[in-house]
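A short reminder: the numbers here are calculations on the coordinates, not readings from a lab. Everything quoted here is computed from the prediction, not taken from an experiment. Methodologically, a virtual Cβ is constructed for each residue, glycine included, from the backbone with ideal geometry; neighbour enumeration extends over all protein chains shown.
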Amino acid sequence: MVLSLLVWAAMGHAVAQDTTVTGPDGKLEVTLCCPPSTGCPACTVTYEGKVMLESSPLGLVTDAGDFSQGLKPDGEVRTRSIDTVYTQSRIKTSTVHYKANELVCAYVNAKGQKMRLTFRVGNNDIAFRYTLPKSGETGSVRVLQETTGFRFPAHTTTFLTPQSDPMIGWKRTKPSYEEEYKADAPLDDKSQYGHGYTFPALYRIGGDGWVLLSETGVDSRYCASHLSDAEDRTYRIAFPMPGENNGNGTVEPAFALPGSTPWRTVTVGSTLKPIVETTVPWDVVEPRYDTRHAYRMGRGTWSWIVWQDGSINYDDQVKYIDLAADMGYEYVLVDNWWDANIGHGRMEQLIRYAHSRGVDVFLWYSSSGYWNDIEQSPKNRMDNPIARKREMHWLRAQGVKGIKVDFFGGDKQETMRLYEAILSDADDYGLMVIFHGCTLPRGWERMYPNYVGSEAVLASENMVFNQHFCDNEAFNACLHPFIRNTVGCMEFGGVFMNKRLNKGNDGGTTRVTTDVFQLATSILFQNPIQNFALTPGNLTDAPKLCMDFMRQVPVTWDETRFIDGYPGKYVVLARRHADTWYVAAANATDRPLKLEVDLSMLGEGQAAMYADNKRLQPELKTLELEEGVRTTLTVMPQGGVVVVK
Ligand code: CA
């Protein structure tokens, strides 16, 4: 561990103390200071000597005391090395070796109250949080404000998505992390709604490297936060807006003492590799409960995405169960209105039919409730423990394996409590949980053993609703592996084999990406339960080689490696499932890309390669891999390549 205390005297009396902690390989360095003139703590981050964050403010203000100014180090400085291995079944990698140096510094404010600041610094990741001890009679605090900010060098550009207004959009269900990104935008660009930006947030520090900001470990004991608009190149931690959740619940998170805030995370690299491969959202959190259930990850079909509301009837659901059985998939997801159009009674019959075909069932629910105008049912079943447990009892009795809960009320602590309550109750009944119309997951794969996915993205449905999202599909797909999907699983609900996104494959919006591009997204997008947008018609109207690929594509990964790419332009990454590597490439530019890539992890010999031919039709070819020779991949515009070995 490298830790240095640099002490110097200023004006002969006031003493400033800089404390530095570096990652295990010495390249990432965090310097903490607290100038006596202001008593405002701040940190600076460098990577290989280059400034990634300029002096960035730290601190928080609570109803019990101000920990943002007038602070003095109280002399308590503790350090330790963390070296631990953990396993995960639902993230980008199955075994994580987490190594970091931890620094804990304590400060006291003018009233003599103490705050501890904990930094964990790995080779490319920083996680930090505030801890307040219990002192005196005070047993709990409300956090009125965080002064935590991130100040970027002037040559930084941004890849951000805005926080929306509250109570807008479909049935007043926003914010739900379904806004568009701007790529390579200027620093200090004003956000679309004036409420700043949601996590995760990607920054390019000119030619010096990349920084990804996010947070993790958010549960019922805090709100989810976002970033403010920048002022003087500084993005600050912002709390939810008062109007979220239809005005119900406070915007000021509260916790019992002693207690801590969630972790804020900063991932840093000279290339995008540490951004794509980061595991920091899971490194610093712990499971909230153990489970006695063995949850099975897998693939599913869902009629709603292409056939829409009209397909939520018994006969159409039989067709999608048969499709799942034909594809060898584990699940079928029956989406909104099933209680009205099929009913609980006939649903029992439908579930028995699914089981007879070897297919397990997920059922959809609305989260609401009293916080939006949602009419889709079932509703009022997941928002309170009495109705919820009664419904879950029925679900378990039918052998249902999971639920998809939609349309949450934003980021307040009250809503975080609802997410946790649903997850915790569902685990009692052996149910997995997917969230839609929801917030970003923040470490939840490790925290909740039955959590299997969140939307929190402009997902596949938008391509069905609006041609604009078809036209931007490749751009968005080339952003997610670097931003949204790198910090948490993403239930995108994609892989369309339809050219036209309606039931007859003859109307509605038009897909502009190639079939191989679609196959590539099954690997580029990571979620441990993938509900694919295939239709029964695709068994005969889609290329057989594509459907055969989709029969065997895995959804759980042992390893993920960044190979090449630039956010919004193109991406090449590799994921390993057991002994098989899947390399996926996608091109959002309007020109063919000839990429010389290092696929040495595949070893030498023959690999299967799915690629677009000149007419943009899918072809399956053999790729010869030679030791020590880079591989040339030609990726067509709006197209893709998949290599399997
Ligand atoms: Ca949605």
Candidate lysines - alpha carbon under 29 Å from K503, same-chain residues fewer than 8 apart omitted: K171, K174, K319, K379, K401, K404, K544, K614
The stretch 94-175: proportion of alpha-carbon pairs further apart than 14 angstrom, %: 80 percent
Surface/4 of the Cα convex hull for the stretch 409-494, nm²: 6.1 nm²
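Could you work out Rg/(2.2 N^0.38 Å) for the stretch 228-306, with Rg from alpha carbons only? Numbers along the way, then the final one.
Working: Rg = 19.2 Å, N = 79, 2.2 N^0.38 = 11.6 Å.
With N residues counted in the stretch 228-306, Rg over 2.2 N^0.38 Å equals 1.66.
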Cross-link reach list, aspartates and glutamates versus K99, counting only Cα pairs under 13 Å and skipping chain neighbours closer than eight places: D25, D83, D125, D283
Radius ratio Rg over Rh of the stretch 543-598, counting only Cα atoms, Kirkwood formula for Rh: 1.02
Residue-wise HN-Hα coupling along the stretch 29-37, computed from phi with Karplus coefficients 6.51, -1.76, 1.60 (Hz; x: Gly, Pro): 9, 10, 10, 9, 9, 8, x, x, 5
Candidate lysines for bridging to K72, where Cα separation is under 24 Å - those fewer than 8 sequence places away on the same chain excluded: K111, K114, K134
Rounded to whole Hz, the Karplus (6.51, -1.76, 1.60) HN-Hα couplings of the stretch 404-414, x for glycine and proline: 10, 10, 10, 6, 8, x, x, 10, 5, 4, 4
Spin-label pair W170/H293, simplified geometry with 7 Å Cα→Cβ offset, distance in nm: 2.5 nm
At q = 0.10 Å⁻¹, base-10 log of I(q)/I(0) for the chain (Debye sum, equal scatterers on each alpha carbon): -0.90
Estimated D of the stretch 376-417 in µm² per second, where Rh is the Kirkwood radius over Cα pairs and Stokes-Einstein applies at 25 °C, 0.890 mPa s: 211 µm²/s
Along each principal axis, Cα extent of the stretch 295-354, largest first, Å: 28, 24, 20
Placed amide H near G59: partners under 5 Å, 5+ positions off or other chain: T147, T148
Proximal charge balance of G493 [Cβ under 11 Å; K/R count +1, D/E count -1]: -3
Karplus (6.51, -1.76, 1.60) ³J(HN,Hα), θ = phi - 60°, over the stretch 335-348, in Hz, Gly and Pro reported as x: 8, 4, 6, 5, 5, 7, 8, 10, x, 4, x, 5, 4, 4
Packing-based order for 430-436, 243-249, 611-617, 190-196, using average beta carbon neighbours within 10 Å, highest first: 430-436, 243-249, 190-196, 611-617
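Give me Rg/Rg_expected for the stretch 212-350, where Rg uses Cα atoms only and Rg_expected = 2.2 N^0.38 Å with N residues. Show your work: numbers first, answer last.
Details: Rg = 22.0 Å, N = 139, 2.2 N^0.38 = 14.3 Å.
Scaled against compact globular proteins, the figure is 1.53.
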Rounded tilt (10° steps) of 385-398 against the dominant C-alpha axis of the chain: 40 degrees
Acute angle (nearest 10 degrees) that the helix 515-524 long axis makes with the longest principal axis of the chain, alpha-carbon atoms: 40 degrees
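Please compute the Kirkwood hydrodynamic radius of the stretch 269-385 from all pairs of different C-alpha atoms, in Å with one decimal.
Values: mean 1/r = 0.0593 Å⁻¹.
By the Kirkwood definition, the hydrodynamic radius is 16.8 Å.
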On Cα atoms only, tilt of 314-327 relative to the major axis of the chain in degrees: 80 degrees
Kirkwood Rh, angstrom, the stretch 137-185 [1 / mean 1/r, Cα pairs]: 14.6 Å
Approximate shape of the stretch 95-247 as ellipsoid semi-axes (Cα gyration tensor, √5λ), whole Å, largest first: 28, 23, 15
Summed side-chain charge close to S270 - residues other than S270 whose Cβ falls under 11 Å, Lys, Arg +1, Asp, Glu -1: +1
The stretch 487-645 - Rg (one decimal) and Dmax (whole number), Cα, Å: 15.2, 49
Protection proxy ranking of 157-169, 386-398, 290-302 - average other beta-carbon atoms within 10 Å, highest first: 157-169, 290-302, 386-398
Protection proxy ranking of 343-349, 489-495, 572-578, 119-125 - average other beta-carbon atoms within 10 Å, highest first: 489-495, 119-125, 572-578, 343-349
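What order do you get for I82, I126 when you list them from fewest to most C-beta neighbours inside 10 Å?
Working: I82 15, I126 27.
Arranged by neighbour count, lowest to highest, I82, I126 become I82, I126.
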Amide H within-cut-off set for K27, under 5 Å, with H built and near neighbours excluded: none
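Charges at C-beta only: +1 for Lys and Arg, -1 for Asp and Glu. How large is the resulting dipole of the stretch 15-174 about its Cα centre, in Debye rounded to 20? Walk me through the intermediate numbers first.
Values: 19 positive and 15 negative charges, 121 e Å.
My answer is approximately 580 debye.
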Between the stretch 522-571 and the stretch 114-167, the alpha-carbon center distance in angstrom: 36 Å
Convex hull projection area averaged over all views, the stretch 13-86, Cα basis, nm²: 7.3 nm²
Rg over Rh [alpha-carbon atoms, Kirkwood Rh] for the stretch 513-562: 0.98
